[in-house]
1. Subtract the Cα-Cα distance of A361 and F287 from 0.36 nm times their separation in residues, and report this length gain in nm to one decimal.
2. May I ask you to compute the full-extension gain from L39 to V22, defined as 0.36 nm times their residue separation minus their alpha-carbon distance, rounded to one decimal in nm?
3. At 222 nm, what value in deg cm²/dmol follows for the chain if DSSP H runs of at least 4 each add -39500 (n - 2.57) and the sum is divided by all its residues, to the nearest 500?
4. Under 20 Å Cα to Cα from K188, which lysines show up? Leave out anything in the same chain fewer than 8 places away.
5. In whole percent, what relative contact order does the stretch 107-177 give with Cα contacts below 8 Å and a gap of six or more residues?
6. Of all alpha-carbon pairs in the chain, indicate the percentage at a distance above 41 angstrom.
7. Please compute the length gained on full extension between T52 and S223, using 0.36 nm multiplied by the number of residues separating them and subtracting their Cα-Cα distance.
8. Would you mind putting 14-22, 270-278 in packing order, based on average other-beta-carbon counts within 10 Å, highest first?
Amino acid sequence: GTGFLGAHLMMTLFLEASIQSVDPSVAVPYWSYEADASLPFVGLNGGALPFTAEWFGEADRYTGKLLNGAFKDVRYPDAGDHPVKDMYGLLRSPWNTNPNPGLIRYFGMTEYGDGDLPTCSDWAAWLNETDLTTALLSVQYGVHGDAHLRVAGFAHDERSGLDARLTYKHLEKEVQQIVGPSTSDAGKILFNTPNYMKAMMRLGLVKCEATAECVAARTCTCSCTDQEWDAPELIYNLTSTPVEVGVKAFCRAMSVATGCQFKADGAYDPPFHLVHAAVGRVWEYKFLNLDRYPMTNMVWSRSWADTVLQTRTRECLGHRPQDILPAPVFGLQLINEQVLELCDPRQGAMPYVYDTFEFPACSF
């Protein structure tokens with residue numbers, strides 16, 4: 001939503017402040033992933049920064065488990081009595097079906113790493129956006145979200161070490177049987193399902209309940225409730241699948257296991273934050289070069305948050321210009337508009353600077 005950019009940049013700021021309370025010399029790095037966009041799957045998963053033993057660790061091609069690096073043995077903590085937990089009792093998204101308790105990076109949709117990193121062209125399109133509201137909406141997808149999805153990926157098949165019923169390859173066949181011969185619709189449903197689980201749970205359309213048997217077998221999955229879907233066409237846009245068929249397919253696809261950065265608990269994986277630092281860097285670059293990349297309409301429209309969000313999720317605060325950020329910034333309780341003003345590099349309000357605004361892989 002439109003509150004995404006400011007909230008994520010503040011989250012990165014909070015992380016850096018926390019780190020610097022331990023060691024003031026350490027800063028949150030950014031990942032120039034546009035420079036790695038042309039790397040093949042094996043290259044990205046076996047030698048490219050930041051996924052090396054020296055930085056954030058390489059991952060097994062199929063299981064997604066970290067092979068080396070300082071974070072190799074990091075595990076999600078037990079939730080205990082905390083109300084938010086997954087079906088295995090871990091402190092992470094309730095709809096997370098991956099039974100592995102550690103950091104998981106599958107690097108792509110399939111074993112060949114389908115799902116590309118954002119490119120220079122993607123950055124250029126965002127830089128050239130002239131409407132503030134559109135820019136705030138679009139950043140969460142291509143130039144940002146695709147980086148997370150490329151790193152997270154899906155458990156492809158049984159080589160992941162998971163039950164086949166949790167893997168992309170198995171579920172692709174099942175969803176295909178539901179939607180018919182259109183491969184594009186089956187893939188679209190599988191790809192979009194993890195993105196919409198949070199909204200579906202908020203609407204009461206999805207439940208994630210564990211049994212002792214599924215926990216022991218590491219096969220717990222979520223399922224749809226009996227509640228009627230009153231506006232499913234707003235959840236995903238399928239060109240050839242009837243809504244009722246698409247809903248049935250969605251209810252089956254939600255079993256698919258993904259890597260950490262595909263979920264709301266992705267912030268537990270350290271490279272997650274490098275993506276937001278990269279987004280903040282390009283945002284600052286734009287506002288330092290408004291003569292080349294003008295923003296002609298700086299009005300933050302309320303219409304998207306007032307209509308789309310309430311229709312989809314009944315009540316979803318945090319995306320209107322006057323909504324208050326949940327955590328104080330510099331000891332002050334700020335609204336979204338004020339947070340975005342802080343992120344304008346011309347104000348000089350942030351306690352950090354980027355080392356460079358050069359993009360050697362790009363022509364801008």
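Nothing in this text is a laboratory measurement; each read-out follows from the coordinates by a stated rule. Keep in mind the model is a prediction, meaning the values are calculated, not measured. We place every Cβ from the backbone using ideal geometry, glycine too, and count neighbours over all the protein chains shown.
1. Value of the extension gain: 24.6 nm.
2. Working: separation 17, 0.36 × 17 = 6.12 nm, distance 3.52 nm.
Additional length available on full extension: 2.6 nm.
3. Values: 12 runs with 123 residues, N = 364.
The helix contribution divided over the chain gives -10000 deg cm²/dmol.
4. The qualifying lysines are K169, K173, K198, K248, K263.
5. Answer for the stretch 107-177 is 38 percent.
6. Working: 6716 of 66066 pairs.
The calculated P(r) of the chain puts 10 percent of pairs beyond 41 Å.
7. Taking 0.36 nm per residue and subtracting the Cα distance, the gain is 57.8 nm.
8. Numbers: 14-22: 12.6, 270-278: 22.4.
Final packing ranking: 270-278, 14-22.
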